[in-house]
1. Roughly how many Å² of Asp128 are accessible to a 1.4 Å probe, to the nearest 10?
2. Taking the Cα centre of the range 144-266 as origin, sum charge times position over the Cβ atoms of Lys and Arg (+1) and Asp and Glu (-1), and report the length of that vector in debye to the nearest 20.
3. With only Lys, Arg, Asp and Glu charged, each at its Cβ (+1 for the first two, -1 for the last two), find how big the charge dipole of the range 319-440 is about the Cα centre; round to the nearest 20 debye.
4. Once R0 is set to 35 Å, what does the formula 1/(1 + (r/R0)^6) return for the Cβ-Cβ distance between Ser29 and Ser159, expressed as a FRET efficiency to the nearest 0.05?
5. Step through the residues of the range 366-382 one at a time and calculate ³J(HN,Hα) from phi using the Karplus curve (6.51 cos²θ - 1.76 cosθ + 1.60, θ = phi - 60°), rounding each to whole Hz and writing x for Gly and Pro.
6. Of Lys297/Lys494; Lys297/Lys553; Lys191/Lys565; Lys347/Lys387, which ones are farther than 26 Å apart at the Cα?
7. How large a share of the accessible area of the range 144-266, in percent, is made up of carbon and sulfur atoms when the probe is 1.4 Å and the other protein chains stay in place?
8. How much length is gained on full extension from Ala402 to Glu571, taking 0.36 nm per residue of separation minus their Cα-Cα distance?
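The values are calculated or read from the model by the stated rules, or taken from the named source; none is laboratory data. Keep in mind that what you see is a predicted model, and the values were worked out from it rather than measured. Reconstructed Cβ throughout: ideal geometry from the backbone, glycine too, with neighbour counts over all protein chains shown. Areas reflect the complete protein model, heavy atoms only, side chains present, ligands, DNA and RNA absent. Shrake-Rupley method; radii C 1.70, N 1.55, O 1.52, S 1.80 Å.
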Amino acid sequence: MAPPIPLLAVRGSDGTSLLCGPPQCEQHSAFQRDGRSSRCLTFSGDGTLFGWCNGHSVSVVKCADSSVVSTFDLPKTALMEFSPLKNILVTWQPYTKTQGCPQGEANLQLWELASGRLIKALYQKKVDSWCPSWSEDEKICVRSVNNELHFFENNDFNSIANKLHMQKVSDFALSPGVQPSKVAVYVPGSKGAPSFVRLYQYPVLGGPSAALANKSFFKADRVSMQWNRKASALLVTASTEVDKTGASYYGEQTLHYLAVNGETALVQLAKNGPIYDVAWSPNSTEFCVVYGFMPAKATVFNLKCDPVFDFGTGPRNAAYYSPQGHILVLAGFGNLQGQMEVWDVKKYKQVSKPQAADATHFSWCPDGEHIVTATCSPRLRVGNGYKIWHYTGSVLHRQDVAAGSELWEVRWQPFADGIFPERAVKYQAAPSELGTTQATPTQAYRPPALRHLPATPSSKLHEDEPPQDLRSGLSGDKSLSKSALKNQRKREAKKAAKQEAKVEPEPPSCPAPITSSQSEASSGDPETDKKIKNLKKKLKAIEELKEQQASGKVLQKNQLEKIQKEEQLLEELQGLQVAQ
């Protein structure tokens with residue numbers, strides 16, 4: 001039996017359409033295009049239902065034949081979502097107050113889809129985390145209310161089955177997959193205490209001792225939490241609004257790893273700078289991080305947080321795995337030129353390098369063969385339109401929006417896992433009448449007076465780093481154990497620190513280095529000798545921290561404070577040695 005053809009939902013100022021997807025995009029024969037401006041649209045998790053709001057009402061239809069399931073008189077609906085088993089439709093409209101109702105109306109509503117009956121009306125003023133989170137079997141539903149989590153069971157919203165209350169639960173993430181469900185909670189730090197993320201398994205929510213894992217950290221104004229598909233591990237990107245060092249206007253970011261077996265780690269990144277994107281592989285055993293000042297690095301890590309493959313540097317700020325996990329696209333959108341690098345994940349071999357200029361949206365088709373890129377308003381109000389690509393770089397379909405009209409959103413119809421099997425990766429471009437848009441190599445600017453002269457090698461602002469396979473035995477070097485690799489990194493860090501010390505000698509005001517004769521000399525006072533020994537121990541630890549910092553490691557707040565005390569400790573040591 002041939003797999004189905006995915007639909008593509010298109011929303012814009014000209015209305016809402018359903019198109020029969022790749023390779024060509026033609027109007028769905030059973031769906032009549034709604035010409036009224038749509039506020040929002042969504043598919044159910046299995047892709048069998050489609051819902052949208054056109055400013056007059058909310059409609060839900062079956063994707064197969066467009067037969068109407070339910071209609072709701074909700075003209076102001078701005079967001080909507082289906083529960084996993086399609087029992088409930090959630091609608092949200094902006095919170096407003098009126099003279100007749102100073103407290104405002106309940107703007108978050110849960111509807112029974114089959115009967116159209118209102119199950120529960122709730123208040124949700126903020127758009128952040130507006131939608132309740134369900135487990136896949138709908139036995140558990142979680143909602144954040146006044147800095148605590150309310151758990152409901154079996155879609156009974158009239159009674160709270162369980163609560164998780166801590167100092168201030170700022171954010172949470174419910175695990176995907178089957179029971180038992182797990183929940184990650186984030187509590188921001190206050191009064192000098194660190195922020196932390198804890199993992200719990202429902203219904204055991206009784207304090208820190210019940211936590212499956214706990215990770216605390218400083219420098220976090222907000223976090224982003226991502227479960228892998230198997231719900232065995234969580235990635236937490238902690239961000240600050242401002243980088244106090246002044247190195248970046250993006251603020252500061254750190255990446256933390258937590259596993260349900262209690263393991264935690266700080267993911268060590270090989271380049272300083274912001275973290276642009278983090279993406280789990282669908283196989284749940286690897287994840288890709290795009291990070292560092294431009295040109296950015298991209299690295300794949302395993303569950304031990306060890307690097308597996310380094311893609312080198314390039315103009316990129318996003319990573320997208322195919323639904324089957326066999327292809328990875330690294331892309332540079334937004335303020336970059338839209339370059340995409342398509343990689344075969346199993347061979348770590350580049351397939352193509354197309355370019356989608358001015359793209360503001362990217363998403364994989366469920367078949368794992370096609371992608372859509374779009375230029376949408378209000379991000380860009382000119383040149384709106386979308387393209388359907390084959391991952392080999394061929395443009396199969398292009399649709400430009402007419403002048404005076406805007407494109408607001410494009411979205412693929414989702415499908416259950418296993419509907420589209422993984423296919424062998426092709427390296428030859430798929431045939432297309434529209435051709436390919438491979439990114440052309442750019443040349444350095446040459447003044448007109450020099451253009452008649454032979455070209456000479458030009459110096460670059462940044463030397464591009466090539467891709468590097470870091471798997472054991474495949475990097476070209478002999479296979480190293482974990483401890484040997486750690487020692488090798490320490491040696492490289494010490495070597496780099498020594499080279500920096502040669503280039504930048506210490507100022508004359510610094511105390512003279514301690515000679516071996518001084519270090520071995522005894523003052524005759526055991527108490528003084530003990531103080532000298534402790535000071536030397538602290539200074540040695542500071543040297544190691546400085547070496548780690550020089551190698552690119554992100555230090556914790558208490559470690560940075562230790563480094564700041566180095567001069568004070570040196571003066572104290574010198575005073576004790578002079579007194580001998």
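1. Accessible area of Asp128: about 110 Å².
2. The calculated dipole for the range 144-266 is roughly 200 debye.
3. About 260 debye.
4. E between Ser29 and Ser159, to the nearest 0.05, is 0.15.
5. 3J(HN,Hα) across the range 366-382, in whole Hz: x, 6, x, 10, 10, 9, 10, 10, 9, 10, 10, 8, x, 4, 9, 9, 10.
6. Over 26 Å Cα-Cα: Lys347/Lys387.
7. Reported share for carbon and sulfur atoms: 49 percent.
8. 53.5 nm
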